[in-house]
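Enquirer: Here it is: the structure, laid out below.
Any read-out appearing in this document is the output of simple, stated calculations on the displayed coordinates, not a laboratory observation. Remember, it's a predicted structure, so these values are computed and weren't measured experimentally. Cβ: placed from backbone, ideal geometry, glycine included. Neighbour counts: every protein chain shown.
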Amino acid sequence: MTEAPSAQATIGRGVLAGLAGTVVMTAFQKFVEMPITGRDESFAPANFAAKILPIQPKNDHERQRLNWATHFALGAMWGSAFGIAGRAGLHGQKAVAAVFATVYTGDVLLNTALGLYQPSSWSTRELVVDVVDKLVQAEATGVMFDRMGRSG
């Protein structure tokens, strides 16, 4: 009988899965969603980081770097949530549903409390884009997390 992976190993696997899920979501946004919707690149991650950290980009290049760094850091956080869900015995669509409901709701509530989001003013299209993009990330992260956990 093999020993269960440590909490650190499971959460580390989640972080790696989250980074991979972020790559998938980013590709989906750039090559599918944005061409369909005509939406410009979002700087919500950079705005979030600038709001909570003592970081203020001085130019567009710094803002872009902060945006990418925060985008992937948030993706790693989504992945760590999959690690926690995995430790609780959740996998597959049960894990995706639990993580998405928890992390997405927390994301919207926190950004709203910080004054960065105003979901009550979002159009149906804006809401659908936000939910679909983040659901793509959750699904991709879940698939990666589960596949990385399979042995042999």
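Enquirer: Among the residues of the range 24-32, are any within 24 Å of ALA113 (Cβ to Cβ) and among the charged types (D, E, K, R)?
Expert: No, that holds for no residue.
Enquirer: Let me ask something else. Among the residues of the range 98-119, are any among the hydrophobic types (A, V, I, L, M, F, W, C) and in contact with a Gly (Cβ under 8 Å, 6 or more places away or on another chain)?
Expert: Within the range 98-119 (the criterion being among the hydrophobic types (A, V, I, L, M, F, W, C) and in contact with a Gly (Cβ under 8 Å, 6 or more places away or on another chain)), the answer is yes, since at least one residue qualifies.
Enquirer: Let me ask something additional. Six or more apart or on different chains, Cβ atoms under 7 Å: show the pairs whose first residue is in the range 128-139 and surrounded by 17 or more Cβ atoms within 10 Å (Cβ to Cβ) and whose second is acidic (Asp, Glu).
Expert: Between residues of the range 128-139 that are surrounded by 17 or more Cβ atoms within 10 Å (Cβ to Cβ) and residues that are acidic (Asp, Glu), the close pairs are VAL129/GLU33; ASP133/GLU33.
Enquirer: Still on this structure: Return a yes/no flag: does the range 140-147 have any residue that is farther than 14 Å from VAL23 by Cα and either over 14 Å from the mean Cα position of the chain (by Cα) or outside any helix (DSSP H, G or I) (or both).
Expert: yes
Enquirer: Out of the residues in the range 88-116 that are free of Cβ contacts under 8 Å to residues at least 12 places away in the same chain and of a type in the set (Ser, Thr, Tyr), which is nearest to ARG13 (Cα to Cα)?
Expert: Of everything passing the filter in the range 88-116, THR105 is nearest to ARG13 (Cα to Cα).
Enquirer: Taking PHE100 as the residue in question, decide whether it is touching a Ser or Thr at 6+ places or on another chain (Cβ under 8 Å) and either part of a helix (DSSP H, G or I) or farther than 30 Å from ASP146 by Cα (or both).
Expert: On the way: touching a Ser or Thr at 6+ places or on another chain (Cβ under 8 Å): no; either part of a helix (DSSP H, G or I) or farther than 30 Å from ASP146 by Cα (or both): yes.
No; evaluated as a whole, the condition is false for this residue.
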